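The values are calculated or read from the model by the stated rules, or taken from the named source; none is laboratory data. For clarity, every value in this text was computed on a predicted model and none was experimentally measured. A quick note on method: Cβ atoms are made from the backbone with ideal geometry, for glycine too, and the neighbour counts reach across all protein chains shown. Each accessible area value is taken on the protein alone, full model and side chains, heavy atoms only, with ligands, DNA and RNA left out. Shrake-Rupley method; radii C 1.70, N 1.55, O 1.52, S 1.80 Å.
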Amino acid sequence: MSAKPTGFLQEAPLLFEYPQTGREGVKLRTLEVPDVSPDQAMAGAALRDDGLEGLPQLSEFDVVRHFTRLSRANYSVDTGMYPLGSCTMKYNPRINEKAASLPGFNQVHPLMGDGLTQGHLEMAYRLEEWLREITGFAGVSLQPAAGAQGELAGVLMIRARLEDKGERRGYILVPDSAHGTNPASAALAGFAVAEVKSGPDGCIDLADLEAKMTTDVAGLMLTNPNTLGIFEKNILEIARVVHAKGGYVYCDGANMNAMVGKTRPADFGMDVLHLNLHKTFSTPHGGGGPGAGPVFCTEELSPYLPLPRVEKSPEGWRLNWKGEKSIGKLTTFYGNSLILLRAYSYMLAMGGDGLLEMTETAVLNANYLRHQLKDVLAVSLASPTLHEVVFSDLGLDLHGGITTLDLAKRLIDYGFHPPTVYFPLTVHGALMVEPTESEPREELDRFVEAVKAVLEEADRDPGLVKSAPHTAPRRRLDETLAARQPILTAPQKERHQPA
Ligand SMILES: *Cc1c(COP(=O)(O)O)cnc(C)c1O
């Protein structure tokens, strides 16, 4: 690396690019027993360390600086507003972290057995009870480690139920506005996917649903509120159509932030649901997890829930590993336990009233942004929405020919994480903004001002906006190349070659 002024933040090279200094993090005492080489110690040639020469040689201080510099080149909800639609990037209250750092929780291991982990099991059990109250469902498993895994669990449960009834159905219906994980989960569970259209109001086209809902369809995967931030206005009729043909309705509840305390998916005819605790209940996410995507279901589908399950017995709480009809185990033990604890802590701190206020404020904030921006950006729907607002790129090119991507990238220079772009696919050049309830009004106003400032800049100097960001640690990347030809490993010569 050559020296160049960067303003407090030195560039962090890749770990593999550090010079081979011979430094190490830990110096061990001289051995008092005979030295044994790794070759002798490890069984089998596959484990030999021939390739270890290229590994980074760093002191503890080097490592701390490396990761601290990387973290400062990053953006997080602790830095500023993160209005990434559909992702619900809300503040993670520090009380959750405090709970998760209690040794009684973070130093237990499930193999210690139920007897020594009673507190933890009780927490999971109580969390299940609260979540069942919020969703209205009889059955729950906290096991899935992400929303997408909750979806997979739910679809596998539907398949198992149908097979139990002696039915093999080939299709799952998915609306055109669905999150990409929905068709992927259906396919992973062995179903072909057929698309249901939505109408100009953003809701499912009932006639199209009726035409496609045959006895070869296992069910419908419905996101509600959907990705446009709209509560399906014909939800009861949708459920009736699917049930009439012996199918099940899977509800993608990742947008529960718009419904908690207002309405319950079990009450409007849903059969299976997943929630994203890392969205609605404030546990940290991004960068791939860990998350928690609990799955919920009706009494009828409960026997198929994943194992193990937390149960209360006269002797206390225990993990039950038995269940003949269960779809089995999805991940280790009972899911991401400390993430579950953070969600529990959040709900405990908020209380029922607080959770209701959370929902109302999230919806209010989204509609405040909608109102403040509707004269400068084209809203995708005429009516107000729930927790997120989607703009289209209609008329955006009148500002010096800029695109949704240009606007999003220039917002980085104003200190904002870009909103979700080009999703949902049903809106041309979509810009999907979800401020969440966390943001105070001043921050929402700053965001509005930033959008307006970018549009004015584009009128004067479109090149400036089209080449943004200018002040971020990286300029605009070739995202297509990065996705198609990712370089994920050390340079070839340093790569570990198995013997
Ligand atoms: C985030 C999201 C998912 C996927 O959740 P993961 O935890 O990222 O797997 C699914 N559906 C919708 C609508 C979402 O917003």
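Remarks
- Separation of alpha-carbon centers, region 209-284 and region 61-113, rounded to whole Å: 30 Å
- The chain: DSSP helices with Cα axial extent of at least 20 Å and average Kyte-Doolittle hydropathy no lower than 0.0: 147-164, 337-373
- Normalised by 2.2 N^0.38 Å, where N is the number of residues, the C-alpha radius of gyration of region 211-307 stands at 1.14.
- Note on region 375-444: along the principal axes its Cα atoms extend 33, 30, 22 Å, ordered by decreasing extent.
- Computed helical MRE - 222 nm, the chain, DSSP H runs ≥ 4 contributing -39500 (n - 2.57), nearest 500: -10500 deg cm²/dmol
- Antiparallel %, DSSP beta bridges [both residues in the chain], to 5: 55 percent
- Charge dipole (region 281-375, unit charges on Cβ, about Cα centre) - positive-most of GLY354, SER302, GLN372: SER302
- Under-5 Å amide H pairs with ALA378, H placed in peptide plane, nonlocal only: SER392, LEU394
- Whole-percent carbon and sulfur share, accessible surface of region 94-349, 1.4 Å: 53 percent
- Pairs from the list LYS212/LYS233; LYS279/LYS325; LYS98/LYS329 with a Cα-Cα gap above 21 Å: LYS279/LYS325; LYS98/LYS329.
- Over the chain, volume per residue of the alpha carbon convex hull, in Å³: 201 Å³
- Residue among GLY170, ALA211, THR283 farthest towards the positive dipole end of region 94-349, charges placed on Cβ: THR283
- All distinct Cα pairs of region 384-499 go into the 1/r average, and the inverse of that average, the Kirkwood radius, is 16.3 Å.
- Taking trypsin sites (Lys or Arg not before Pro) across region 195-245, the ones in a DSSP loop with at most 16 further Cβ atoms lying within 10 angstrom of their Cβ are LYS197, LYS233, LYS245.
- Per residue accessible area of the chain, 1.4 Å probe, in Å²: 50 Å²
- For the chain, leaving out every one of the chymotrypsin sites (Phe, Trp or Tyr not before Pro) that falls in a DSSP loop and has at most 11 other Cβ atoms within 10 Å, the longest unbroken run is 9-320.
- The calculated pair-distance distribution of region 94-349 uses every alpha carbon pair, bins of 5 angstrom beginning at 0, and gives 1, 6, 14, 18, 19, 16, 11, 7, 4, 2, 1, 0 percent.
- Of the trypsin sites (Lys or Arg not before Pro) found in region 281-362, those in coil by DSSP whose Cβ has at most 15 other Cβ atoms within 10 Å are LYS322, LYS325, LYS329.
- DSSP beta bridges fully contained in region 94-349 are about 45 percent antiparallel.
- Note on region 402-485: with neighbouring protein chains present and a 1.4 Å probe, carbon and sulfur make up 53 percent of its accessible heavy-atom surface.
- Both radii were evaluated on the Cα set of region 60-112; the Rg over Rh quotient, with Rh as the Kirkwood radius, amounts to 1.11.
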